[in-house]
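See structure below.
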Amino acid sequence: MDHTFSSALVLMLLVLDPLGNLPVFISVMRGIPPDRRTRVALREGSIAFLVLLGFMLGGQGFLQVMGLSERSLEVAGGVILLVIAMRMVFGSTSDLYDSESSVHREPMIFPLAIPMLAGPSAMATVLLLASRHPDKLSQWAAALTVAMLASTLVLLLADRIRRLLGDAVVSAMEKLMGLILTAIAIEMLLAGVKRYFADV
């Protein structure tokens, strides 16, 4: 599955799923003093961006050190994306990482930066993009930057967005994004299997 800047940006937005994570964002940020929320949101977004950028830049070397092929990464990434997509369609992220301790103390890396923003699916996605098309690394980095800026903006405006759209609209948008991500995950799985049998 070949990607352009636009398709990579859409894929990363779907994987980061800022709207689907709104309930968690709201519950975690509610326990933070108002004068600290902007700083915390920017810090957590920056940490998540640096983690994903590190995975992107070191992706090829990581695969070589671990002795992994692009085919296995493509299939594994497809499986992870499929699990995330199924959760988006049939479940909700509001029950995940939403504990009493996370609400009453300021988050540091967990749960906002990792795993809500820079989760396994996002890590697998940037690794796959970088390993399959290392010549387009600047495009992937730009797409990641735009996607993370959008996710951080949602984190900053979480309460306002939910009040503006309402729970029903946010839930419907999450289901729609889940359906799109399901198709992308299946395409990734099929591409990995096809490449495996082509090389046998």
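For residue 173, indicate whether it is buried (at least 19 other Cβ atoms within 10 Å of the Cβ) and either touching a His at 6+ places or on another chain (Cβ under 6 Å) or of a type outside the set (Val, Ile, Thr) (or both). Reasoning before the result, please.
Working: buried (at least 19 other Cβ atoms within 10 Å of the Cβ): no; either touching a His at 6+ places or on another chain (Cβ under 6 Å) or of a type outside the set (Val, Ile, Thr) (or both): yes.
So residue 173 does not fit the description; no.
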Breaking point among (1) among the hydroxyl-bearing types (Ser, Thr, Tyr); (2) part of a helix (DSSP H, G or I); (3) modelled with pLDDT under 85, for residue 97: (2)
State which residue pairs qualify: first residue over 22 Å from residue 39 (Cβ atoms) and without any contact (Cβ under 8 Å) to a residue 12 or more places away in the chain and inside segment 140-154, second residue exposed (fewer than 15 other Cβ atoms within 10 Å of the Cβ) and not charged (D, E, K, R) in any location, beta carbons under 8 Å apart, and separation of 6 or more residues or different chains. none
Checked segment 100-115 for anything of a type outside the set (S, T, N, Q), modelled with pLDDT under 80 and part of a helix (DSSP H, G or I); matches are 100, 103, 104, 115
Could you grab the pairs with beta carbons closer than 7 Å, sequence gap of 6+ or different chains, first residue in segment 42-65 and among the polar types (S, T, N, Q), second one surrounded by 19 or more Cβ atoms within 10 Å (Cβ to Cβ)? 60/130; 60/131
In segment 33-52, residue farthest from residue 106 (Cα to Cα) [restricted to those that are surrounded by fewer than 18 Cβ atoms within 10 Å (Cβ to Cβ) and of a type in the set (A, V, I, L, M, F, W, C)]: 50
Checking residue 171 against (1) touching a helix residue (DSSP H, G or I) at 6+ places or on another chain (Cβ under 9 Å); (2) in contact (Cβ under 8 Å) with a residue 12 or more places away in the chain; (3) assigned to a helix (DSSP H, G or I), which single condition isn't satisfied? (1)
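The values are calculated or read from the model by the stated rules, or taken from the named source; none is laboratory data. None of these values were measured; they are calculated from a predicted model. With ideal geometry, Cβ positions are generated from the backbone for all residues, glycine too; neighbour counts draw on all protein chains shown.
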